[in-house]
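The values are calculated or read from the model by the stated rules, or taken from the named source; none is laboratory data. Everything numeric here is computed off the predicted structure, so don't read it as measured data. Cβ: placed from backbone, ideal geometry, glycine included. Neighbour counts: every protein chain shown.
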Amino acid sequence: MKSIVVLGSTGSIGVSTLDLARRFPDEFRVRGLVAGRNLKLLAAQIKEFAPQWVSVKEQEGVPLLRKTLGDQKTEILWGEHGATVVATANAVDVVVAAIVGGAGLVPTLAAVRAGKEVALANKEALVMAGEIFVREAKKKGSRLLPVDSEHSAIFQCLQGNRLEEVDRLILTASGGPFLHVSLRALDHVTVQQALRHPNWKMGPKITVDSATMMNKGLEVVEARWLFDMLPSQVEVVIHPQSIVHSMVRYQDGSIIAQMGIPDMRIPIAYALSYPHRLKVNCRRLELTRLGELTFSPVEKRRFPALNLAYQALAAGGTMPAVLNAANEVAVAAFLEKRIGFRKIHRVIERTMEAHATRRPGEVQEILEVDRWARDKALALIERA
Ligand SMILES: NC(=O)c1ccc[n+]([C@@H]2O[C@H](COP(=O)([O-])OP(=O)(O)OC[C@H]3O[C@@H](n4cnc5c(N)ncnc54)[C@H](OP(=O)(O)O)[C@@H]3O)[C@@H](O)[C@H]2O)c1
């Protein structure tokens, strides 16, 4: 039996992870939960899974949660420190990193430094500090197992093969809700439209990232670090059906693909049970009912955010952290209806232009750059 901690337990990935823990009580024991502000759902999760430790985002949440829980013996912590204590607790085997955004960086890196196996959904953490993550994981013998469906697919396609024989990784992208909208109409799309992803049900930030295709950009950076590839070896193709989750092309010309229905419980289960496979009770892919599977190149003018991610990767150093921070601020402003959809990539681009990249030695430097980029992006939004 594996003892697990879920960072971001009240989010889309967190809830799917706990669904697996519920269905496989002989495989997983939930020892810790970390959440933000959704105390109602967190309280229900604590009652069901009886974890030893819990952490919430704000201090005010602690007495509120304590009152709801009565005499249940769960230790309740708060803030980044609380999340870090839970992520590094002694008796824990696997940490599911599913806090959204840069807020997940410190506890996730702490889990790596504590030598935990990390099932990584929080791609932003790796985008911000990929080099440090990889270095620390190597040093501490921590394994990073991908949860993102694309990276899980690549990880599966690599099994039994040699990394040196890989020619390129091919990430598939659905194209999101605006794949066929006219470029002019993109200036006027609403938050509601951006939140209507054709294939996946996810949290709001990643759903908007999918609409701009920054999500794929972040995934390109994530793939570079997880699989030690050159940026030129990571390609993106549009595949609107989201059935082929990604592919690996080898030097002999063979392409190996992984397919499945779009259900995050499948890659989460693989990360949790690797190298074994669980009997996941989800809809099966019926090949004869699929119809067409199509692949096409990415239209650069429609999705400029993807190019920004490649630029950040080429610049290296602290630039991907700037890309990520500016994106988080711009997406939040879009969700609050303070800027239009097409302003998102402009804010990121101008924030990146104002930054001279440097090689970060420690995570503290990344956090400083992250704060600078957030302030810069916010100032650009306020001036607009
Ligand atoms: N959803 C997917 O299908 C999917 C697929 C691949 C990768 N991912 C990645 O997985 C991560 C999570 O995505 P999601 O869709 O699950 O997001 P989500 O539904 O918005 O959930 C985010 C989670 O993070 C928690 N959180 C936010 N700020 C926090 C803080 N400062 N301290 C502690 N907890 C905090 C939230 O808590 P509250 O809700 O309680 O405030 C919630 O539990 C993202 O990095 C995303 O890119 C998601």
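Values for this structure:
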| item | result |
| --- | --- |
| Evaluation of Asn38 against (1) surrounded by 14 or more Cβ atoms within 10 Å (Cβ to Cβ); (2) away from the ligand (no atom under 11 Å from the Cβ) (one fails), failing number | (2) |
| All positions within the range 199-223 that are in contact with a Pro (Cβ under 6 Å, 6 or more places away or on another chain) and away from the ligand (no atom under 13 Å from the Cβ) | Ala211 |
| From the options Val134, Val94, residue that is aliphatic (A, V, I, L, M), away from the ligand (no atom under 13 Å from the Cβ) and in contact with an Asp or Glu (Cβ under 7 Å, 6 or more places away or on another chain) | Val94 |
| Qualifying residue in the range 153-172 (condition: buried (at least 16 other Cβ atoms within 10 Å of the Cβ), of a type in the set (A, V, I, L, M, F, W, C), over 19 Å from the mean Cα position of the chain (by Cα) and outside any helix (DSSP H, G or I)) | yes |
| Subset tally (residues that are more than 16 Å from the ligand (Cβ to nearest atom), more than 22 Å from Asp252 (Cα to Cα) and either modelled with pLDDT under 95 or small (Gly, Ala, Ser) (or both)) for the range 137-160 | 3 |
| Verdict on Asn327 being assigned to a helix (DSSP H, G or I) and assigned by TED's automatic domain parsing to the domain that holds Trp225 | yes |
| Some residue of the range 344-363 being outside any loop (DSSP other than H, G, I, E, B), within 21 Å of the chain's Cα centre (by Cα) and farther than 26 Å from Pro177 by Cβ | yes |
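For every residue, the table says whether it meets (1) more than 30 Å from Gly340 (Cα to Cα); (2) at pLDDT below 95.
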| residue | (1), (2) |
| --- | --- |
| Pro107 | yes, no |
| Ala111 | yes, no |
| Gly130 | yes, no |
| Val134 | yes, no |
| Arg162 | yes, no |
| Ser174 | no, no |
| Val189 | no, no |
| Ala194 | no, no |
| Asn199 | no, yes |
